[in-house]
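This report refers to the structure that appears directly beneath it.
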Amino acid sequence: MITLTSLAEFSRTHCISICAFLVPANLLATSLTLGLSFVQASSRQILGVATIASVFALALFLHVLTWLNIGVIMPPTFILFGLGLTCLVVNYLALTHTQKVHETLQLVRVMVR
């Protein structure tokens, strides 16, 4: 039977592998959400990608919480927590303020040129 303790131990044992998957997955999925917002894709498409990106961010939160639970307080825990939080906020804003996000991305595009 799978318990929370065994899941937490698995998470800590395979930390490098989990982070090697979740960090790029978070960045790619959130970038895809922003890309779809930039091209003004349908709300349904943005919802699908933002949901997947949010699942990755929540998985990263849970992984970091296993380390905080045993008292490991180090810069990587806060960096990963910040990454997950940033991805969640960006995806939330892309869902709730679609037009504003599109306008902001257009402004960034003009400024970069």
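The values are calculated or read from the model by the stated rules, or taken from the named source; none is laboratory data. A quick note: this is a predicted structure, and the numbers were derived from the prediction, not measured. Heads up, the Cβs are rebuilt from the backbone with ideal geometry, glycines too, and the neighbour counts pull from every protein chain shown.
Given the structure, is Ala25 within 14 Å of the chain's Cα centre (by Cα) and not hydroxyl-bearing (Ser, Thr, Tyr)? Judged against the criteria, Ala25 is a match. Restricting Ala25, Ala20 to residues that are surrounded by 17 or more Cβ atoms within 10 Å (Cβ to Cβ) and of a type in the set (A, V, I, L, M, F, W, C) narrows the list to Ala25.
The set of residues in segment 1-56 that are within 22 Å of Gln106 (Cβ to Cβ) and of a type in the set (S, T, N, Q) comprises Thr30, Ser31, Thr33, Ser37, Gln40, Ser42, Ser43, Gln45.
Scan Ser37, Ser42 and give me the residue that is loosely packed, with under 13 Cβ neighbours inside 10 Å and among the hydroxyl-bearing types (Ser, Thr, Tyr).
Just one listed residue meets the conditions, Ser42.
In segment 13-22, the count of residues that are at pLDDT 95 or above and under 10 Å from the mean Cα position of the chain (by Cα) is one or more. Taking the criterion of being exposed (fewer than 13 other Cβ atoms within 10 Å of the Cβ), part of a helix (DSSP H, G or I), at pLDDT below 95 and not basic (Lys, Arg), would at least one residue in segment 70-77 satisfy it? Yes, segment 70-77 contains a residue that is exposed (fewer than 13 other Cβ atoms within 10 Å of the Cβ), part of a helix (DSSP H, G or I), at pLDDT below 95 and not basic (Lys, Arg). The residues listed here are Val64, Val90; of these, the one that is part of a helix (DSSP H, G or I), touching a residue at least 60 places away in the same chain (Cβ under 8 Å) and surrounded by 18 or more Cβ atoms within 10 Å (Cβ to Cβ) is Val90.
Just one of (1) touching a residue at least 40 places away in the same chain (Cβ under 8 Å); (2) not in a helix (DSSP H, G or I) fails for Ala41. It is (1). Answer yes or no: is there a residue in segment 60-74 that is touching a Lys or Arg at 6+ places or on another chain (Cβ under 6 Å), under 20 Å from Phe10 (Cβ atoms) and of a type in the set (Val, Ile, Thr). Yes, segment 60-74 contains at least one residue that is touching a Lys or Arg at 6+ places or on another chain (Cβ under 6 Å), under 20 Å from Phe10 (Cβ atoms) and of a type in the set (Val, Ile, Thr). Scanning segment 81-98 for residues that are more than 27 Å from Leu4 (Cα to Cα), over 12 Å from the mean Cα position of the chain (by Cα) and modelled with pLDDT under 90 turns up at least one hit.
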